[in-house]
Every structure is written in C-alpha cells, then in structure tokens.
Amino acid sequence: MTTIIENSKPSLYERQPEISTRFPVHQVREDFPILSSEVRGRKLVYLDNAATTQKPQSVIQAVTRYYKGENANIHRGVHYLSEQATQKYENARRKVGAFIGATVNCEVIFTRGTTESINLVAQSYGRAFVREGDEIIISALEHHSNIVPWQMLCQEKGAILRIIPLLENGELDLGVFDKLLSSKTKVVAVTQLSNVLGTLVPVRQICKKARDAGAVSLVDGAQSTPHLSVDMQQIGADFFAFSGHKLYGPTGIGVLYGRAELLERMPPYQGGGDMIRSVSFEHTEYADLPGKFEAGTPNIAGAIGLGAAIDYLQSLGMERIAAYEAELDGYTRSRLQEVEGLQIQGNPEEHRGAVSFTLDGVHPHDIGQLLDQEGIAIRAGHHCAQPLMKCLGVPATARLSAGLYNTREEIDMLASSLQGLRTLFHP
Ligand code: C6P
C-alpha cells in the first residue's frame, strides 16, 4: 500500500509556469482574515482544510449581518423579521440546489453536516426498507461517518455489511465491487474523495451499477464538494451528503440531497416542530418535503452563511478552483517526494486534497507537533478512518490538505520543515 519514494526523482512541476499567474491566489488570500494571522510567532500556514476550511470575509459578514439585523425564527412568525429570515433561509436552499444540480429545491435537506445526513438516510431509509439478510456495501476508504451508521442499522436489522477492498495504490477494487453486488444489495454508500489518501472514486460508475442491481446509492461528498464541481444529474446518486464547514461555510450546517421520489417515500428522521402539517394526540400528518426532515428550529445563520460561501465559490468559479488545486496537488506530491525518508500513503491515479504520509523514525504526532512550532497546521492520527489505517498497515499518518488559498510557497515551507525534521531525527 505504501508508495516508496525515490529521492532522486526530478520534480515534475519544477519548470512549469507559476500557477498563481492564472488563479489570483494572493488576492484570494486577502478575502480570508485568519490567513494573515500569526501562530506561535510564525506566519500561519494552514494545511488542515480536510478537517475544516477557513472562512472568507463575505461569509463572516453574512452571519454577522443576520444576527445584527435580521435574527428571527423562520416559517412561524407573521412579522417582518421572521419573513425576512425565512426568505433568506429558503434562498440559501435555492443556492445549494443550483450549486449541486438538484432537480427541485425540496431535494435539499439542511442538516448539521455530513454525519447527520448519512445517519438520516441510515435511520429513515434503512429502517423502512432494509430487512434481515439484506446487504449494504461500503468501501475500505470510508470515514467513520459512513461506516458506523450502517453498522448500527445492520445490527438492528440483521443485515450484512460488505466492504469494497483497496488496491495496492489506494484505489477501490471495482472488480470485487462487481462481485459483491447482488439482488441482496439494498444500499451502496461510498465516498467521492478520500479524506486520507486523496483518492478520487468513480462514483458515477458505482451509482449506475448500484441502480442496475436495484440498490440505492449514497455518496459522501464531504471532501469532494470543496474541490470539484458536483452535479447530481451527472453523478446519478440517490443521496449525496456534505458539510458547510468544509466548503468555506459555517460549522453546524450541512446538506442531504435526496431524489424527491425517494425522500417522499421515507419516514421522518426526527419528530417535532416544523415537520408537521397537523398534530393531535391520536395522529400526526407530516409536512411536505423538505420540512418533513427538518424538525425543530434549524441553523438559520448557518444556512445563510453556507449560501454566502456558495456565492463566494461561484464568484471564483469551481472549474478554476479545481484546475488550480489539481496543479497545486501535483506540486505538493512532487515536493514531498523529494523529502528523504518520506513515504506517501497510496498512489491513486486520480487524486485531490488530502495527502497522507509517514516519515521514517518520526511518529506522525511528533510531525504534527513540531510543524505546529513553525506555524504549520496539519493533522496527525487516524483521521476518523481506523479501518483504512488497518488496511494501510499503519497506526496513524501525518496528513496535509490544501485548499483554494494555499500556495506553492507554503508547500515549499512544509517540505523544507519536513526535511529539517528528518535531519533532526537522523543527524
Ligand atoms: N473529516 C477530517 O479531518 P462532519 O464532521 O459531519 O462535518 O464530516 C464527517 C466526514 C464525513 N466524510 C468524510 C469523507 C470526511 O472527511 C468527514 C470529516 C474530517 O478528515 C474530520 S474527522
């Protein structure tokens, strides 16, 4: 699984024109107030974007504006502020719908994040339609959020969890997936982009195969949405989950996209206010979509902030962001390969975002802590993917994950700090 790096390999990106001339990265950085701050007396180099992204001024302003002058509960009041807040909240839903290519806006359900979106499907769809002996397929690349909810469902229903294994390079073994699919398969749930290896998974192909086998598909888009333009019609997933905070928006807001026809047939996930049409002690009639799945007062400011994040991303252009990040990703891998004793985990052909690595003789936590002394933020540990760590044969990795505001200079600083660390441990 581990890719051994040859240190003599010339950098592929060494003589390419500076990518920042095509994407105004230095200008973009100015939109993010936190990026000009110092940590531990050093300029912040933030490379932990897979955990959460920093927020542009426009998102911070949208949330502040809401609390300063627009705050009210939604869908309930007859007064001016409530009408305004409701309009803004529903406008955010329209933005999300357009951003991901939903057919109708009621296919966009606001949740707390990817984790809640997946739990919603497992609990609602799963409880209603999965039976004893049925099978659910996930992959070895999954985050705990796309493992545990299915395990819980399987335990409750007597269903069986099947796993698509990994190839040596960190891609999914789709030959085995074909064999696992059968008339018993009820759900196929896979990530579009691994938060550990950066593997891009061919979800379109997987969703089509799932559908042909009579199963529903769920795509975990937590890591893909910040890096790629996603289109529900093109991917063909029945369900798609993502988090606002990884998309330059606020924490505590996320989205479940579901095909309307499926959402209509599913029972509610939680009961309470706003998800009903009428209630008596004998009987409750549920609201239409999307209200049926949004019980209680939602994260109104979060939804408005997510709408502002989408506006921001669209002003830069997702295609341009993707092109810039693809080049930066290649540059990063190439620079890391030059660090003596560094091993990048996995070597998938299509990759983006996260890069996990180990450094001979240095524990990943030490790498994280020592880099932190230099103002460089990365993540170290199992990245909420313990089964994947087991497949890789390592207890933990160090992981960097770049975002749209990271630069080649920052990657150079990381590479030289890592080289320094290696020398410190192997004088
Ligand atoms: N991964 C990371 O550092 P929430 O916490 O609900 O916003 O997202 C959960 C989640 C689901 N799927 C994938 C692929 C993810 O990467 C994450 C979050 C973070 O890798 C925090 S553990």
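The values are calculated or read from the model by the stated rules, or taken from the named source; none is laboratory data. Because the structure is predicted, anything quoted here is derived from the model rather than measured. Neighbour counts run over all protein chains shown; Cβ positions are idealised from the backbone, glycine included. Accessible surface areas use protein heavy atoms only, side chains included; no ligands, DNA or RNA. Shrake-Rupley method; radii C 1.70, N 1.55, O 1.52, S 1.80 Å.
What to note about this one:
- Calculated from backbone phi, Karplus (6.51, -1.76, 1.60) coupling profile of segment 177-185 in Hz, x at Gly/Pro: 4, 4, 6, 6, 5, 7, 5, 7, 5
- Rounded to the nearest whole Hz, the Karplus-based 3J(HN,Hα) values (6.51 cos²θ - 1.76 cosθ + 1.60, θ = phi - 60°) of segment 318-328 follow the sequence 4, 5, 5, 4, 4, 5, 4, 5, 4, 5, 5, with x at glycine and proline.
- Extension gain from D366 to E264, taking 0.36 nm per residue of separation minus the Cα-Cα distance: 31.7 nm
- If only the Cβ of Lys and Arg carry +1 and only the Cβ of Asp and Glu carry -1, the dipole of segment 264-387 around its Cα centre is close to 200 debye.
- In this label model, E38 and Q205 are separated by 5.1 nm, measuring between points 7 Å along each Cα→Cβ vector.
- Sites listed here are GluC sites (Glu not before Pro) in segment 320-370 whose DSSP assignment is loop and whose Cβ has at most 12 other Cβ atoms within 10 Å: E349, E350.
- Listed residues A72, F293, I60: farthest to the positive end of the dipole of the chain (Cβ charges): A72
- Residue-span extension gain [E350 to L161] - 0.36 nm each, minus C-alpha spacing: 65.4 nm
- Annotation for segment 96-139: GluC sites (Glu not before Pro) lying in DSSP loop with at most 12 further Cβ atoms inside 10 Å of their Cβ are E132.
- Theoretical FRET efficiency, 1/(1+(r/R0)^6), r = Cβ-Cβ of R76 and S416, R0 56 Å, to 0.05: 0.50
- Highest average first, the peptides 200-207, 138-145 ordered by how many other beta carbon atoms sit within 10 Å of their residues are 138-145, 200-207.
- Cleavage-rule hits (chymotrypsin sites (Phe, Trp or Tyr not before Pro)) in segment 192-297: DSSP loop, at most 11 neighbouring Cβ within 10 angstrom: F281
- All lysines inside 20 Å of K209 as judged from Cα atoms, apart from same-chain residues fewer than 8 positions distant: K179, K184, K186
- Calculated mean residue ellipticity, 222 nm, the chain: -11500 deg cm²/dmol, from DSSP H runs (n ≥ 4) at -39500 (n - 2.57) each, averaged per residue and rounded to 500.
- In this structure the amide hydrogen of R162, modeled in the peptide plane, comes within under 5 Å of the amide hydrogens of I136, I137, I138, none closer than 5 places in sequence on its chain.
- For segment 16-137, a crude dipole built from +1 on the beta carbon of Lys and Arg and -1 on the beta carbon of Asp and Glu, taken about the Cα centre, is about 420 debye to the nearest 20.
- Residue by residue, segment 151-159 carries 3J(HN,Hα) couplings of 4, 4, 5, 4, 4, 5, 9, x, 8 Hz when phi is fed to the Karplus relation 6.51 cos²θ - 1.76 cosθ + 1.60 (θ = phi - 60°); x denotes Gly or Pro.
- Stretchable slack from S183 to M152, in nm (0.36 nm times residue separation minus alpha-carbon distance): 9.0 nm
- With R₀ set to 51 Å, the beta-carbon distance separating Q87 from E168 gives a calculated FRET efficiency near 0.45.
- Cα point-scatterer Debye curve for the chain, base-10 log of I(q)/I(0) at q = 0.06, 0.11 Å⁻¹: -0.26, -0.86
- Shown for segment 59-315: the carbon plus sulfur share of the solvent-accessible area, taken with all protein chains present and a 1.4 angstrom probe, equals 51%.
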